[in-house]
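Everything below concerns the one structure shown next.
The values are calculated or read from the model by the stated rules, or taken from the named source; none is laboratory data. Not measured: the values here are computed from a predicted model. In this analysis, Cβ positions are derived from the backbone assuming ideal geometry, glycine residues included, and neighbour counts consider all displayed protein chains.
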Amino acid sequence: MLILSCSSKLRLLEGMLRQGLPDTLPVYGTVMHVNRGNPARQEVLVDSWPEFKIVLTRPNREVTWDPSDFGTNLYTAFYRDEGACRALLGNSRAVDWSQAFQIQGLQDGVYETIRDIARARGLEMEMYPYLPLLHPDPPAMPQYRHDEGLRLAPVSPAHAMLLSNTWMFGWNSWSLRYLCLLIRHFPNACLLGPEGPPISWSLSDPLAALMHGYTLPEHRGQRHIAPVVGMLAAQLHARGFPVYTRVLPHNKPSLQHLQHLGFRILPGAFHQLVVRPGFAQSQPAHALDSGQAPAPSSGERPCAQ
């Protein structure tokens, strides 16, 4: 197991991963961010160098992370050999199995390995199989003008609570902290209503993937998300990132919108695996369609500018 800290090796790895697209997308996007300031404080592991069989990105071990926060305890993996994948992911020096964490990847072997190790350790694992979508030519994306009185802008940290309360992993202090990280350090876009708060938005994450694309229910059916995605895709493409995302298979409206914008569904599944070693959420999850927002706990508030 080697930690790649040399900038020249990391740039070389980025080029190697680029040649393996689209299978390498989650790791490739993460390594790109590592090479461009590393805002999520990730580090990159390989089993050997330069002929690696697996690449693993993980939270930097020199940083103190909340052991119950699976959002910021984020891993991605890409392997060329499934045996090497099992060996590294099962190594407690590589993956901290005492903490809650999530790991994402496009290969079935990542899911099967984490599932088997979690079962053997008596740990709970949740699996979210998304459809991966990639835009082959972002500059050719159809352009949509937003309605008069609306304004495209970056997402403000003051809106973090709204975003947390409309996210499937939201309604807790972890999600608020994670979304604050994304808003502050990664490309994003929103459509502001006449009175200021956003009515539609999309973020990007440490994997350089579009995520949490959302339009408030009372504003749906008017394609407000299209100019938002267009603005965010332009930002990512200008910085050299691939423009890709992941959508749950049952989310037909989002799939239709993205395909209309030119995104193509890739083969296979984009696995998001969440391992929880007995930690309880600070606030229980609620149904997003209830229309009710729970009061934040005394320790929760939108992140400051």
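Looking at the range 38-51, which of its residues are more than 15 Å from the chain's Cα centre (by Cα) and without any contact (Cβ under 8 Å) to a residue 24 or more places away in the chain? If the condition is that a residue be more than 15 Å from the chain's Cα centre (by Cα) and without any contact (Cβ under 8 Å) to a residue 24 or more places away in the chain, then Glu51 is the only one that fits. In the set Arg239, Arg220, Arg177, only one residue is under 15 Å from the mean Cα position of the chain (by Cα) and of a type in the set (Lys, Arg); that residue is Arg177.
Within the option set Trp167, Trp171, Trp201, being in contact with a Cys (Cβ under 8 Å, 6 or more places away or on another chain), assigned by TED's automatic domain parsing to the domain that holds Gly240 and not in a helix (DSSP H, G or I) holds for one residue only, Trp201. Being part of a strand (DSSP E or B), farther than 19 Å from Asn172 by Cβ and either at pLDDT below 95 or out of contact with any helix residue (DSSP H, G or I) (no Cβ under 6 Å at 6 or more places or on another chain) (or both): is that true of Arg223 here? So Arg223 does not fit the description; no.
Assessment of the range 85-96 against the conditions (in contact with a Leu (Cβ under 6 Å, 6 or more places away or on another chain) and under 30 Å from His260 (Cα atoms)) yields no matching residue. Could you say whether any residue in the range 38-46 is polar (S, T, N, Q) and in contact with a helix residue (DSSP H, G or I) (Cβ under 9 Å, 6 or more places away or on another chain)? Among the residues of the range 38-46, at least one is polar (S, T, N, Q) and in contact with a helix residue (DSSP H, G or I) (Cβ under 9 Å, 6 or more places away or on another chain), which makes the answer yes.
From the list Gly29, Gly15, the lone residue that is in a helix (DSSP H, G or I) and over 18 Å from the mean Cα position of the chain (by Cα) is Gly15. Within the range 224-269, the set of residues being touching a strand residue (DSSP E or B) at 6+ places or on another chain (Cβ under 9 Å), surrounded by fewer than 20 Cβ atoms within 10 Å (Cβ to Cβ) and of a type in the set (D, E, K, R) comprises just one member, Arg264. Considering the range 111-127, the residues that are in contact with a helix residue (DSSP H, G or I) (Cβ under 7 Å, 6 or more places away or on another chain) and aliphatic (A, V, I, L, M) include one that is nearest to Val55 (Cα to Cα), namely Ile114.
Total residues in the range 155-183 satisfying the condition of being in contact with a strand residue (DSSP E or B) (Cβ under 6 Å, 6 or more places away or on another chain) and of a type in the set (Phe, Trp, Tyr): the figure is 1.
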